[in-house]
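The values are calculated or read from the model by the stated rules, or taken from the named source; none is laboratory data. On a predicted model such as this, the values are computed, not experimentally measured, just so you know. Cβ sites come from the backbone with ideal geometry, for glycine too, and all protein chains shown count toward neighbours.
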Amino acid sequence: MEEAQLVDEIRRLKQEKRVAVLAHYYTAPQVQRLADCVGDSLALAYEATRLTSEVVVVCGVHFMGETVKILAPTKKVLLPDVNASCSLAESCEYTAFKKFVEAHPHHTVVSYVNTSAAVKSLTDICCTSSNALAIVNSLPKSEKVLFAPDRNLASYIKAQTGREDMLVWDGACHVHERFSVEKIVELKGQHPNAKVLAHPECKKPVLILADEVGSTAALLKYSQLSTAKEFIVATEAGILYQMQRSSPDKTFIPVPPTDSTCGCNDCEYMKLITLQKLYLSLQHEVHEVLIEEALRKKAERSIVSMLDLSKKLGL
């Protein structure tokens, strides 16, 4: 089926079945254009609590589908591709993490939303890159914190909060780990007036070079408000679509991975979500996300705590 026909069929099925489509910033532009809501993990989590559609297709990775199902258990939640995993979530396996948590009692467990439902069930409060710093800052300095799973985000939070004793699980995102100082310095030499934007999942040396460190949503907003005309972007290349769309008069330059000469750094899991798979998901309502109710309730507490605190903090 040609792309134009696929687009027409997806729009028809969405309307006929009254299906909501959510898409992360890192998915392909063709997918983002057909979504009812495009955002980062926090925005999609909020949207899940407001949905009126009975069926929801989550164009993103598996933990995002789980998050929607946790918050909207009566909805039928679908994933276009069950193989759309997340390297960061996979770096924090439930059994090993459970042992880690049990070995360090009396800690408040703060877990990034990029984790499985099972890991969330061991968590006191979730966070995203948008609110992680504010959430950790809201906890009393005397409170012991165990942070999982991203070591780079944890390093950034430590530096910003002074919580050097924060206990950290040793996980990372393979996309953000691939950015290098050398590539950024090279691009900065070619574009001396460009602002460097970096996601806090990047390594510390990359963050030191950045003019702005923030979540995908925060970096998008910065690019919209800045008077600069060029931006060097150190996060997954999918966000460049929204940046260019909202600021067509500006230039956005993706930082390539360290081990490649290509012009971007893509998450292969996010790019598994294609128009064809979205169409098939809508047509046949396949790849449903199912979570055992007892597990869902345990995981829900950590996400609701995050949403409640985020609202309280005005995030």
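Considering only residues that are modelled with pLDDT of 95 or more and either assigned by TED's automatic domain parsing to the domain that holds Val31 or part of a helix (DSSP H, G or I) (or both), which ones fall in the range 207-238? Listed by number, the residues that qualify are Leu207, Ile208, Leu209, Leu219, Leu220, Lys221, Tyr222, Ser223, Gln224, Leu225. Restricting attention to the range 278-299, the residues that are in contact with a strand residue (DSSP E or B) (Cβ under 9 Å, 6 or more places away or on another chain), assigned to a helix (DSSP H, G or I) and of a type in the set (D, E, K, R) add up to 0.
Might you let me know whether the range 241-259 holds any residue that is at pLDDT 95 or above, polar (S, T, N, Q) and closer than 21 Å to Val61 by Cα? Looking through the range 241-259, at least one residue is at pLDDT 95 or above, polar (S, T, N, Q) and closer than 21 Å to Val61 by Cα. Does the range 117-138 contain any residue that is modelled with pLDDT of 95 or more, among the β-branched types (Val, Ile, Thr) and within 18 Å of Gly60 (Cβ to Cβ)? Looking through the range 117-138, at least one residue is modelled with pLDDT of 95 or more, among the β-branched types (Val, Ile, Thr) and within 18 Å of Gly60 (Cβ to Cβ).
So which of Ala48, Ala103, Ala84 is farther than 19 Å from Ser302 by Cβ, crowded, with 21+ Cβ neighbours inside 10 Å and not β-branched (Val, Ile, Thr)?
The match here is Ala84.
The residues in the range 51-81 that are small (Gly, Ala, Ser) and surrounded by 23 or more Cβ atoms within 10 Å (Cβ to Cβ) can be counted, and the count is 2. Against the conditions (1) outside any loop (DSSP other than H, G, I, E, B); (2) within 25 Å of Ala217 (Cα to Cα), Ser130 satisfies every one except (1).
Quick grid of which residues meet (1) in contact (Cβ under 8 Å) with a residue 24 or more places away in the chain; (2) touching a helix residue (DSSP H, G or I) at 6+ places or on another chain (Cβ under 8 Å):
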{"residue": "Lys14", "(1), (2)": "yes, yes"}
{"residue": "Val21", "(1), (2)": "yes, yes"}
{"residue": "Pro29", "(1), (2)": "yes, yes"}
{"residue": "Gly39", "(1), (2)": "yes, yes"}
{"residue": "Thr49", "(1), (2)": "yes, yes"}
{"residue": "Gly65", "(1), (2)": "yes, no"}
{"residue": "Asn83", "(1), (2)": "yes, yes"}
{"residue": "Cys86", "(1), (2)": "yes, yes"}
{"residue": "Ala96", "(1), (2)": "no, no"}
